[in-house]
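Novice: Once you've had a glance at the structure underneath, I'll fire off some questions.
The values are calculated or read from the model by the stated rules, or taken from the named source; none is laboratory data. No experiment lies behind these values; they were computed from the predicted model shown. Quick reminder, even Gly has a Cβ in these numbers, built from the backbone with ideal geometry, and neighbours come from all protein chains shown. Accessible surface areas use protein heavy atoms only, side chains included; no ligands, DNA or RNA. Shrake-Rupley method; radii C 1.70, N 1.55, O 1.52, S 1.80 Å.
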Amino acid sequence: MTDDDLRACRSATIVLAMALSAALIVVYPLFGTVGFADGSFFVLSILSPDPWTLAWASYPNRLTAFALTIVPPWLIARATGHAGAATGLYALIMAAVPLAGLVATRLLEDKGSRLSFACAVSTIVLAFSVTFFPTEMWLAHAMIWPLLAYATRRGNVRTPVLFAFALVTNFVHEAAVPLVALVLLNGYLVHRETRFLAVLAAVSLPPLVVKATIAIPNAEIQRTVHENALNFLSPDNLLNNISLTVVIALVLLQGLILVVAPRTRRSGIAVVAAVSMAAAVVLWLWPGDVHVLRRYIARTIVFVGLAGALGTMLVWRLAEDIQPALVRRAEAWISRNRYVVSLNVAVIVCVSALGHVAEAGRFLTHWRALEQALAGPPPAASTLPRGVSLLMADGSRVDGQAEAGGRGWPVAWTWSLAYQSAINRGPARDFIMVMPADTFTPITCATLGAMDTARSLVPAIRVDLLKRYICSIETAGTAVAGRTR
């Protein structure tokens with residue numbers, strides 16, 4: 001494989017990542033996917049008069065995510081009084097995050113650098129694992145790569161800019177703090193200037209202080225944040241139908257390399273195409289549950305992948321100082337085997353992209369059906385799945401009696417279904433759908449009750465239904481606690 005072939009492969013990967021990222025900018029607003037799962041809770045906060053008190057006071061370490069993704073659409077909501085404009089802007093912001101990270105990395109990297117290629121691979125393989133779920137790690141991924149490009153470039157790296165960039169990234173999500181540390185350590189090894197270590201110390205302290213001193217006001221969120229932190233690095237979080245299909249594809253690739261022994265560009269393309277088609281068959285015959293149901297825990301994939309990439313860069317740079325002979329041998333091995341290495345990377349990228357496109361199609365099919373059900377007239381109990389209930393404005397309740405299944409319901413996200421009903425873009429119906437078995441409530445009865453309904457862009461009838469539902473959960477919980485004492 002020639003150098004021109006390698007450059008063509010890297011360029012094709014960057015183009016593929018940008019094309020898929022650009023497609024999201026159309027898909028997100030068109031399908032209203034920001035209402036999925038936690039997104040329904042965040043949209044409710046955007047349409048409220050006070051998003052910080054309603055929701056984001058419970059996430060003080062994610063101030064950057066609040067400022068970049070919530071404040072702009074909230075300002076539009078207040079200025080225009082139009083819910084569609086606000087949610088549309090929120091959708092555009094969330095959709096544009098991967099593309100923004102790719103473009104920023106491209107602009108900030110040194111000429112001849114391969115960081116934009118690494119960012120493209122990381123976007124396809126890692127970031128797209130959490131597509132449609134509004135996790136702050138989506139934003140963290142898009143900020144880490146440009147920060148790395150800036151910190152390690154040979155040109156002028158200004159300390160105030162580096163400090164501000166790193167500090168803002170640290171306040172995207174708690175998991176960004178160790179990633180930023182790895183970036184700054186890489187920057188130090190490139191420049192050998194102690195100011196990088198000083199910046200590291202300066203930007204690491206504020207998020208730690210905030211985490212230690214600011215209590216989360218909502219007890220339910222405090223409990224779940226603690227539980228999620230304990231489960232964040234669970235190995236099971238790395239497994240899903242896409243990642244397992246990638247592993248199967250890599251095993252098949254090694255077999256084909258032994259049998260076919262490809263050496264030319266044409267034979268390499270044929271092998272990668274054959275493996276990708278086989279992976280498509282696997283995804284078709286063995287789709288498993290809709291992957292979007294695992295997109296929340298796929299945050300682990302993003303974190304582990306980024307930490308692994310940044311850690312490998314750091315170890316490599318350290319080895320250049322400590323064991324230069326070992327580095328030279330490693331470089332020689334990579335040079336001798338670059339064709340096989342390139343084939344493996346190509347399969348990982350192609351099969352990951354194929355899997356995410358297929359899963360996006362599955363999700364959007366179900367999502368549209370669910371949104372239509374929430375916007376339409378109240379379904380009869382005979383067509384409503386078991387476990388789903390209708391809460392009517394007259395105080396009545398209809399419990400579903402149908403067997404689970406059918407379009408729409410596979411992507412109904414338990415506790416958030418009530419919030420998704422409230423922010424649904426359809427007419428202001430006199431009902432909301434809920435899943436009573438899941439009693440998690442990210443908003444308290446008192447907080448929602450204190451909200452000025454007249455200034456909310458969510459229909460008052462839905463806000464009232466949501467409040468009644470949340471208050472009933474709290475009342476039931478209090479009664480249970482009283483009986484067990």
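Novice: Starting from the residue with the highest accessible area, list W52, W415 in decreasing order, probe 1.4 Å.
Specialist: Putting W52, W415 in descending order of accessible area: W52, W415.
Novice: Still on this model: For a label point 7 angstrom out from the Cα of A12 toward its Cβ, which stretches of the range 332-355 have the backbone nitrogen within less than 16 Å?
Specialist: 339-354
Novice: Any chance you could run the full-extension gain for L208 through L75? It's 0.36 nm times the residue separation minus the Cα-Cα distance, nm to one decimal.
Specialist: Answer, rounded to one decimal: 44.9 nm.
Novice: Which loop trypsin sites (Lys or Arg not before Pro) in the range 187-236, with loop taken from DSSP, have no more than 13 other Cβ atoms within 10 angstrom of their Cβ?
Specialist: Passing sites in the range 187-236 are R192.
Novice: Also, quick follow-up: Mean residue ellipticity at 222 nm from the helices of the chain, using -39,500 (n - 2.57) per DSSP H segment of n ≥ 4 over the full residue count, to the nearest 500 deg cm²/dmol?
Specialist: Rounded to the nearest 500, the figure is -22000 deg cm²/dmol.
Novice: Rounded, prolate or oblate: pick one for the range 189-299, where a ≥ b ≥ c are the square roots of the eigenvalues of its C-alpha gyration tensor, a/c under 1.5 means rounded, and failing that, prolate if a/b is larger than b/c, else oblate.
Specialist: It comes out oblate by the Cα gyration axes.
Novice: Can you work out the FRET efficiency for the pair V327 and R407, with r the C-beta to C-beta distance and R0 = 45 Å, to the nearest 0.05?
Specialist: 0.25
Novice: Could you run the Debye sum over the Cα atoms of the range 14-104, one equal point scatterer each and no solvent, and tell me log10 of I(q)/I(0) at q = 0.13, 0.15 Å⁻¹, two decimals?
Specialist: Listed by q, the Debye log ratios stand at -0.44, -0.57.
Novice: Restricting to Cα atoms and excluding each atom paired with itself, what does the Kirkwood estimate give for the chain in Å?
Specialist: Over the chain, the inverse of the mean reciprocal pair distance is 24.3 Å.
Novice: How about the range 190-241: which GluC sites (Glu not before Pro) there are in a DSSP loop, with at most 13 other Cβ atoms within 10 Å of their Cβ?
Specialist: In loop regions of the range 190-241 (DSSP not H, G, I, E or B), the sparsely surrounded GluC sites (Glu not before Pro) are E193.
Novice: Quick one: order D289, D464, D321 from most to least accessible surface, probe 1.4 Å.
Specialist: The most accessible residue leads, giving D289, D321, D464.
Novice: Please compute the per residue accessible area over the range 3-369 with all protein chains in place, 1.4 Å probe, rounded to a whole number of Å².
Specialist: Here the per-residue accessible area is 44 Å².
Novice: With labels modelled as points extended 7 Å from the Cα through the Cβ direction, what inter-label distance (nm, one decimal) is found for D4 paired with A23?
Specialist: 3.0
Novice: Out of the total accessible area of the range 382-441 (probe 1.4 Å, heavy atoms of protein only), what percent is carbon and sulfur?
Specialist: Roughly 49 percent of what the probe reaches on the range 382-441 is carbon or sulfur.
Novice: Let me ask you something else. Based only on Cα atoms, what mean projected area does the convex hull of the range 362-471 have, in nm²?
Specialist: 6.6
Novice: Could you compute how much accessible surface I297 exposes when probed at 1.4 Å, giving the result in Å² to the nearest 10?
Specialist: Surface open to solvent at I297 totals about 50 Å².
Novice: Further, regarding this structure: Please list, in order, the residues from the range 392-429 whose amide nitrogen is less than 11 Å from a point placed 7 Å along the Cα→Cβ vector of S472.
Specialist: Output list for this probe position: 392-399.
Novice: Kindly state, to the nearest 0.05, the FRET efficiency for H191 paired with L230, given R0 = 30 Å and r defined as their beta-carbon distance.
Specialist: 0.20
Novice: Once you measure Cβ to Cβ distances between cysteines in the chain, which Cys have no partner under 4.7 Å?
Specialist: Here C9, C119, C350 come out as lacking a disulfide-compatible partner, given the Cβ-Cβ threshold of under 4.7 Å.
Novice: Using R₀ = 60 Å, calculate the FRET efficiency as 1/(1 + (r/R₀)^6) where r is the Cβ-Cβ separation of S113 and R455; round to 0.05.
Specialist: The calculated FRET efficiency here is 0.75.
Novice: What percentages make up the Cα-Cα pair-distance distribution of the range 76-158 when the bins are 5 Å wide from 0?
Specialist: Per 5 Å bin, starting at zero, the Cα-Cα P(r) for the range 76-158 comes out as 3, 15, 22, 18, 14, 11, 9, 5, 3, 0 percent.
Novice: Go through W333, W409 and list them by solvent-accessible area, largest first, probe radius 1.4 Å.
Specialist: The ranking, largest first, comes out as W333, W409.
Novice: Sticking with this one: Alpha carbon centre of the range 266-308 versus the range 97-116: separation in Å?
Specialist: 24
Novice: Can you give me the solvent accessible area of L314 with a 1.4 Å probe, rounded to the nearest 10 Å²?
Specialist: Rounded to the nearest 10, the figure is 30 Å².
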